[in-house]
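Below you'll find the structure, written out as structure tokens, and then a few comments.
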Amino acid sequence: MTVLNRQSKLWLGLVLFGLLICYYAVIHPALYGPFLFDDFANLQHLSILNKHISANLGDYLAAFEGNPGRPLAALSFLLNDNAWPSAAFGFKYTNVMIHLLNAVLVFGLIRQLAKASTKLPQHAIWPVLAMLAWLFHPINISAQMLVVQRMTLLAGTFSLAGLWAYTALLQRSSNWRGAFVAMAALGTATLLAFLCKETGALLPLFALVLNATLLAELFSQKDRASQRLILVGCGIPALALLYLILDMGFQENAFFHREFSLADRLLTQLHVVSDYLRQILFPSLTGSGIYYDDYPITRLLFSPISTLLIGLAMIAALTFAMIFRKRYVLLSFAVLWFFAGHLMESTVLPLELYYEHRNYIPLLGLVLAVTALPFYLGERKQIAFLFLGIWLAMLAAITTLQAPVWGQQVKLVSFWIVEHPKSLRATQELAKYYYDTADPQASVDVMMIAYNNGVHSADLPLNSLLINCWKPGVKYKNIDLLSESITAIKTSPFSNGSLVILQKLNQEVQNNRCPDVLNRQSWLALSNALLANPKFKRAGSDFIHIERAKLMISAKDLSTTMREFEAAYAAQPSTEMSYKIAETLISAGLIDDAEIWLKKGVALKKPWFKEWLSSDKEKSRALLELIEKAKKQASTYTITATSQKID
């Protein structure tokens, strides 16, 4: 890497700062956009805090799915608010600030790699160009504007910082002790990245890719003890991660709630990853966003034939990168880095098929290769730099044009429904916009037209039924929305949305707000239809039975309430559920039965992190103590009264 004097460093710093300012100016219009999609499901956990952070922090962190449930990312949301509902601007602003920080880390990592490897361009401008491409690339917009993807951003922060520290420390190490310090830095960063999002566990694999390509020369210069330490320190976590991914993906019921099998997902991911590559190298104004639930599922290797061809091309690329990693260092690095970055989210795990934010870190390998290419072309350097300049300008132009769209809900939903007419989520987003702007009839029309045109999900007629309940005059033609909902439920794919709507309808029935649209019996018919659908029975029966129990409580039907609660507990045993059952029994005066259920809940084993955070068992134990104390007092009173009678 070219050694810079003090003045050159100052100019370089000013250029970097200027680029960061330019990016913020470009992306700023997007900050005025709304919360979207998964934002609601995750950020609503802020309501648990109710502005009392110290008292409810454990329950807030425990509410996030998974174990440990991405606690560092969850804590970061408290920088913006500690209650719900909230305003989106501050959350999006923080996301952009993290992205700018990550751009600085990208620059630092690339400079450090260039210092460590003579195979990389040694010109001081190259890290700036690479950072510029990564910073402005439009595929990174969704990671910033979908607030909940702060998890991706922060995992990226610790991953980039960890790799920078690892490279710098490895370069300075002279024996196994120095290598150990480098590995300790990498391990610490891996843990922190993992606590933001599970993809942070890929960090040792990224280090292996660096060791095999860009850092191969540096690695070969280390003593044998250092080499073994590094290989073991990176290799064992990478192999353990691979084993866990395969184990989760090949479990018998892993895909029961999906509309595709493991084989379908693997075949479809061939097209998904090739689409990612196209978007990275040849981005366009259209085809981007967050709603890809209409992505076509590939179920056969030879139909279309492109599936086989793409698969063969990827195998060839990986084979080439492995065999020629020392000869074509940068190209091999780009290929191996990109596929390593997609090992978790684009292989066997039963995740949804397509999300742009999955490229946040994998993008970096391709960016390095593209921006470095002109420096290797000798006499053709000028024409190569011309094309690179055009590509960089295109990235900046597309981001500049897309930012205002992300900031205006009406434009956002209009574009998405045009680009994804078969997308359930795009349809729901447009329907929500119409309802929020006081046009409930248009909202119902949008959903039912999409439903009749092949967007097959019970969410749409159910949501229309809910609006019909809220606004009794709003209907869709002469269709009976209740009957249509029951019909749709029978064959609908699983959707959390349907369960949420069922819950809202239950609240309306309990309060008798729309008796002409929905009553207790018709709501029970909806819940029966959901339980008869195998996909909902497997994934949501506990939720459905709890809602049925709530309805029975409002009807003061204790025996049916208990049957529903017990069915919910059988489907998904939990301390929280046992506590609810105990509360119900206590209200009915059945103290002994309540005590039995509380003890069941306390005896349950929970994931260690959730056990540590949640207050469920603490509440159950406190209630048990009250019951035992009350029993002792009652026993003492009985003994005293009896002895008085004898006297």
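For a 4.7 Å threshold on C-beta separation, the list of partnerless cysteines in the chain reads Cys22, Cys196, Cys234.
Say the dipole of the chain comes from +1 at the beta carbon of Lys and Arg and -1 at that of Asp and Glu; which of Leu163, Gln507, Leu61 then lies farthest toward its positive end? Value: Leu163. For Ala63, the amide hydrogen comes within under 5 Å of no other amide hydrogen, counting only partners 5 or more places away or on other chains and with H modelled in the peptide plane. The distance separating the Cα centre of the stretch 391-457 from that of the stretch 114-156 comes to 29 Å.
Projected label points at Arg299 and Gln221, each 7 Å from Cα along the beta carbon direction, are separated by 5.7 nanometres.
Add +1 for every Lys or Arg and -1 for every Asp or Glu among the other residues with Cβ under 14 Å from the Cβ of Arg513, and state the total. Could the numbers behind the result be given before it?
Details: positive: Lys471, Lys504, Arg520; negative: Glu508, Asp516.
Residues near Arg513 contribute +1 overall.
Calculated accessible area for the stretch 477-547 comes out at 48 Å² per residue, all protein chains present (probe 1.4 Å; ligands, DNA, RNA ignored).
Protection proxy ranking, highest mean first, for peptides 51-63, 12-24, 187-199, 341-353: 187-199, 341-353, 51-63, 12-24, where packing is the per-residue count of other beta-carbon atoms within 10 Å, averaged.
Centre-to-centre separation between the Cα atoms of the stretch 499-529 and those of the stretch 203-265: 49 Å. For Cα extents along the principal axes in Å, the candidate list reads (i) 80, 77, 58; (ii) 93, 68, 57; (iii) 106, 71, 49; the entry that matches the value derived from this model is (iii). The relative contact order of the stretch 21-126, computed from alpha carbon pairs under 8 Å that lie at least 6 residues apart in sequence, is 27 percent. Taking label points 7 Å from Cα along the Cα-to-Cβ direction, Gln521 and Gln503 give a separation of 2.9 nm. What the Cβ-Cβ distance of Thr560 and Glu419 gives, at R0 = 60 Å and to the nearest 0.05, is a FRET efficiency of 0.80. Just the protein heavy atoms count here, and of the accessible area of the stretch 510-570 at 1.4 Å, carbon and sulfur take up 48 percent. For the chain, the Cβ-based charge dipole about the Cα centre amounts to some 1800 debye (Lys, Arg positive; Asp, Glu negative; other atoms uncharged). For the stretch 80-203, the solvent-accessible area works out to 30 Å² per residue, with a probe of 1.4 Å and every protein chain left in place. Nonpolar atom fraction for the stretch 239-328, defined as the carbon and sulfur part of the 1.4 Å probe accessible area, stands at 70 percent. The heavy atoms of Tyr376 present about 110 square angstrom of accessible area, all protein chains included, probe 1.4 Å. Using a cutoff of 8 angstrom between alpha carbon atoms and counting only pairs six or more residues apart, the relative contact order for the stretch 286-402 works out to 22 percent. Shown here for the stretch 565-622: GluC sites (Glu not before Pro) in loop regions (DSSP other than H, G, I, E, B) with at most 16 other Cβ atoms within 10 Å, of which there are none. The charge dipole of the stretch 283-389, taken about the Cα centre with unit charges on the Cβ atoms of Lys, Arg (+1) and Asp, Glu (-1), comes to about 600 debye, rounded to the nearest 20. Taking the accessible area of the stretch 113-175, probe 1.4 Å, and keeping the other protein chains in place, the carbon and sulfur fraction comes to 62%. Counting only whole DSSP H helices of the chain, the ones at least 27 Å long by C-alpha along their axis and with mean Kyte-Doolittle hydropathy no lower than 0.0 are 6-27, 88-116, 150-172, 224-249, 262-281, 381-406.
Each Cα pair under 8 Å and six or more residues apart adds its separation to the average, and for the chain the resulting relative contact order is 13 percent.
The values are calculated or read from the model by the stated rules, or taken from the named source; none is laboratory data. Remember, it's a predicted structure, so these values are computed and weren't measured experimentally. FYI the Cβ positions are ideal-geometry reconstructions off the backbone, even for glycines, and counts take in every protein chain you see. Protein only, heavy atoms only, side chains kept; ligands, DNA and RNA dropped before computing areas. Shrake-Rupley method; radii C 1.70, N 1.55, O 1.52, S 1.80 Å.
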